[in-house]
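To start, the structure under review is shown below, and the notes come after it.
The values are calculated or read from the model by the stated rules, or taken from the named source; none is laboratory data. Please read all numbers here as calculations on a predicted model, not as lab measurements. A quick note on method: Cβ atoms are made from the backbone with ideal geometry, for glycine too, and the neighbour counts reach across all protein chains shown. Accessible surface areas use protein heavy atoms only, side chains included; no ligands, DNA or RNA. Shrake-Rupley method; radii C 1.70, N 1.55, O 1.52, S 1.80 Å.
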Amino acid sequence: MALDGMMLSLIKDELSKELKDAHINQIHQPSKDELTINFRTKNGARKLFLSARADCARVHFTDNAPENPSTPPMLCMLLRKRLCGARLIDIRQPHFERILFFDFEATNEIGDRENLTLCIEIMGRYSNIILIDSKGLVVDALKRVDVTMTRERVVLPKIKYIMPPAQDKFDVLEVTADEITQAVSNVDKPLDKAILSSVQGISPIVCRELEHRVLSGSDLNSEIEKLRQLLDSKNATPTMIEKSENAPFDISFMDITQYGDTLITKRFETFSELLDSFYYQRDMAVRMKSKSSDLHKLISNTIERLSKKINIQNEELKKCSDREHLRIKGDLLQANLYRIQKGAMFAEVENFYEEDSPILRIVLDPSISPAQNAQKFYKAYAKAKTAQQMLTIQIEKAEQELQYMISVQDFLERAVSDKELSQIRLELVEQGYIKERRNQKQKVVKALPPLEFETSDGFTVLVGRNNKQNDVLTLKTASKLDYWFHTKNIPGSHTVVLTQGREISDTAIKEAAAICAYHSKAKDSAQVPVDYTLVKNVSKPSGAKPGKVIYVSYNTVYVTPKI
C-alpha cells in the first residue's frame with residue numbers, strides 16, 4: 001500500500017480547512033523518522049502527524065500520537081526554535097505529486113517576521129521532511145542526503161531545495177479523459193500497469209479497480225471521467241479494505257469492488273481517521289519491537305538456558321532414582337564378607353532380595369578390602385539419594401523461574417507504550433536479570449494504572465499490565481469479596497471484577513473471563529479455560545516471584561478472548 005498523490009490532494013484539502021491561520025503550539029519528534037505538531041486552531045487543538053518512514057510515510061491528524069522521548073533530538077529543537085508560534089498560511093501540492101508544502105509566517109530571534117516552509121515528501125524509502133527558508137534554502141532535514149549518497153539531488157543545510165524529478169504522466173484534472181484513454185491504449189502492458197505508468201498520482205489499487213470495472217463491462221473513458229469528477233468535486237469516500245476484523249489490507253478514496261465479498265469494506269468520516277486507524281496497530285507493533293529488542297533477546301536467551309538446564313537435571317534425576325541396586329550390592333557384600341577373598345576381582349553371592357535368591361556377580365575394586373567395597377556402594381547410594389533431593393529442589397526452582405520468564409515475555413509482547421516497557425525493564429532490574437547502571441541517575445518510572453473495562457451490566461474490570469502490577473491489583477487493590485480471574489495454566493494478566501458488595505452476574509463472569517483470556521498468551525485461541533474465584537481464596541507463596549499466586553475453591557469457564 002502507498003499513499004498516492006490523489007489521496008494526498010484530498011488530505012491536503014482536509015488539513016487546509018482545519019489548519020487555516022492555525023498557530024503551532026508545540027513540536028515533538030517521537031522517533032528519527034516522525035514528527036508531531038500541535039496546532040491551536042479556531043476549533044481547538046489539533047495534532048498533525050508526519051512520518052517519513054519508508055514503509056508508511058504519510059501526513060494526517062492523529063489521536064494516537066506515539067510517546068515522545070525524554071530528551072528531544074537536535075532537529076526537534078531546531079524546529080521548535082524556528083516554528084513554535086508560527087502561523088500556517090497555506091498548504092500546497094504540485095500536480096498530484098506526493099509532496100506537501102506547509103507555508104508558515106514565523107518570527108525570528110530578533111523579532112522580524114520570516115516565511116518558512118515545512119515540506120514532506122512521501123516517496124517510499126526516499127521520504128523526507130525538510131525545513132526551507134524564504135530564499136528556498138534548506139535549513140535542515142529529517143534525512144540529510146549528501147554527495148556520497150547521490151549526486152542528483154543533495155539535501156543539506158544552506159543548499160538550494162530542488163524538487164524531485166517530475167514524472168512524465170498525465171494530470172487527470174488538466175487533460176481530458178479521451179487523452180488519457182488514448183495514452184493508455186498506446187502502452188504495451190496489462191491495463192492496470194498501463195494506467196499506473198500513464199496517470200500522475202494514482203495508486204495500484206485504484207488502477208486495479210479501474211481495470212476490474214472495465215473487464216466487468218464498463219468503458220475506460222467513462223471510468224476516467226468518473227475519477228476526474230470525483231477528485232474535482234472533493235466528494236471522495238475514505239475507504240479501508242480489511243482481510244478480517246482489525247486486519248487492514250489497503251486504503252483508497254473510492255469504492256473498491258474488485259475483491260467482491262472476500263474482503264471487508266470499512267468507511268470513515270475523514271481521511272485522517274482512515275490513515276490513523278490503518279497504521280495505528282502496525283506502527284505500534286513495529287515501534288514496540290524496535291524499542292524492546294534487547295529485552296526480547298534477554299528473555300529468549302534466559303528461557304532457552306532454563307529449558308536446557310531443566311532437561312539436563314531431569315536426566316540426572318532419572319539416574320539418581322535408579323540407585324536402589326547400590327544399596328543392595330552393599331548389603332550383599334556385607335553379608336558375605338567372610339566368603340570374599342581380599343584382592344578378588346568380583347564376588348558371586350546369593351541375592352536374597354529376589355525370589356529364589358539368584359546368583360549375582362558384583363564387580364569389586366581389588367585394591368581395597370571387601371568391607372571397603374561394601375562401604376563404597378553405601379556411599380554411592382547416599383550420594384545418589386542426596387543428589388535426588390537437591391535436584392528435585394533445583395528443578396522446581398528452575399521451573400518456577402521459567403514460568404516467570406514466560407510470563408514476562410507475554411507482558412512484553414503485549415506492551416503498547418514506552419512506560420509499560422520501562423516498568424518491565426525495572427522489574428527485571430529488581431529481579432537481578434539486568435544490571436543497574438552505576439553512576440547514572442535512574443529516572444523514576446511512575447506506575448501506570450491497571451487497564452480498566454466495564455461489563456455490559458456495569459461491573460468494573462481491572463487488568464494488570466505486568467507481574468508487579470498483578471501483585472498489587474490482587475493483593476492490595478481488590479477486596480476479599482471481589483472476583484479474581486486467570487487463564488488456567490497459561491501465562492496472562494490477573495483480572496479482577498470489583499463487585500462493591502453486589503452479587504456478580506453470569507454476564508459479568510463471562511465478559512470478565514473473555515477480557516482475561518484476551519490479555520494472556522492464549523489471546524489468539526478459540527476456547528480458553530479461565531479460572532475464577534473470590535479474591536480471599538488467592539494468596540502469594542512466601543518468596544515467590546512477582547505475579548506468582550496460588551488459589552483454591554475455584555470454578556472454570558471456557559471463553560473466546562475478547563475485549
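Structure summary
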| item | result |
| --- | --- |
| Qualifying trypsin sites (Lys or Arg not before Pro) in the stretch 137-177, DSSP loop, other Cβ atoms within 10 Å at most 12 | ARG151, LYS158 |
| Gyration tensor verdict on the stretch 254-294 (Cα atoms; rounded if a/c is under 1.5, prolate if a/b is larger than b/c, oblate otherwise) | oblate |
| The chain, helix-only ellipticity at 222 nm - DSSP H runs n ≥ 4, -39,500 (n - 2.57), divided by all residues, nearest 500 | -12000 deg cm²/dmol |
| Hz values of 3J(HN,Hα) by residue in the stretch 493-504 - Karplus curve (6.51, -1.76, 1.60), Gly and Pro given as x | 7, 6, 10, 10, 9, 7, 8, 6, x, 8, 7, 5 |
| Karplus-derived 3J(HN,Hα), 6.51/-1.76/1.60, for each residue of the stretch 547-557, Hz, glycine and proline x | x, 8, 9, 10, 8, 10, 6, 10, 10, 10, 10 |
| Separation in nanometres of the label points that stand 7 Å from Cα toward Cβ, at ALA526 and GLU67 | 3.7 nm |
| Global geometry of the chain, whether rounded, prolate or oblate, following the gyration tensor of its Cα atoms and the 1.5 cut on a/c | prolate |
| Gain upon complete extension [ARG153, ASN25; 0.36 nm per residue less C-alpha separation] | 42.8 nm |
| With every protein chain in place, the chain: carbon and sulfur % of accessible area (1.4 Å) | 50 percent |
| Relative contact order, percent, the chain [alpha-carbon distance under 8 Å, six or more residues apart] | 7 percent |
| Ranking by accessible area, most exposed first, for GLU225, GLU427 with a 1.4 Å probe | GLU225, GLU427 |
| Distance between modelled label sites at ARG282 and LYS435, nm, 7 Å Cα→Cβ extension | 4.1 nm |
| Pairwise FRET efficiency - ASP365 versus LYS318, Cβ, R0 = 22 Å, nearest 0.05 | 0.25 |
| Interchain or long-range residues, amide H under 5 Å from GLY201's placed H | GLY5 |
| Global geometry of the stretch 1-57, whether rounded, prolate or oblate, following the gyration tensor of its Cα atoms and the 1.5 cut on a/c | oblate |
| In order through the stretch 49-62: 3J(HN,Hα) via Karplus (6.51 cos²θ - 1.76 cosθ + 1.60), integer Hz, x for Gly, Pro | 10, 10, 10, 10, 5, 4, 8, 7, 5, 5, 8, 5, 5, 9 |
| Entries of LYS20/LYS193; LYS42/LYS562; LYS446/LYS545; LYS12/LYS160; LYS383/LYS540 with Cα pairs more than 28 Å apart | LYS20/LYS193; LYS42/LYS562; LYS383/LYS540 |
| Protection-proxy order for peptides 3-10, 352-359, each taking the mean of Cβ atoms within 10 Å per residue, highest first | 3-10, 352-359 |
| Heavy atoms of LEU230 accessible to a 1.4 Å probe, total area in Å² rounded to 10 | 40 Å² |
| For a label point 7 Å along the Cα-to-beta-carbon line of THR262, residues of the stretch 194-213 with backbone N under 20 Å | 204-213 |
| Paramagnetic label zone (point 7 Å from Cα along Cα-to-C-beta, SER233; backbone N under 17 Å) in the stretch 250-287 | 253-256 |
| Calculated FRET value between GLU355 and LYS540, using beta carbons and R₀ = 56 Å, to 0.05 | 0.60 |
| Span-like helix ranges in the chain, DSSP H, alpha carbon extent 15 angstrom or more, Kyte mean at least -1.0 | 5-19, 204-215, 220-233, 271-291, 293-321, 324-335, 370-414, 418-430, 506-518 |
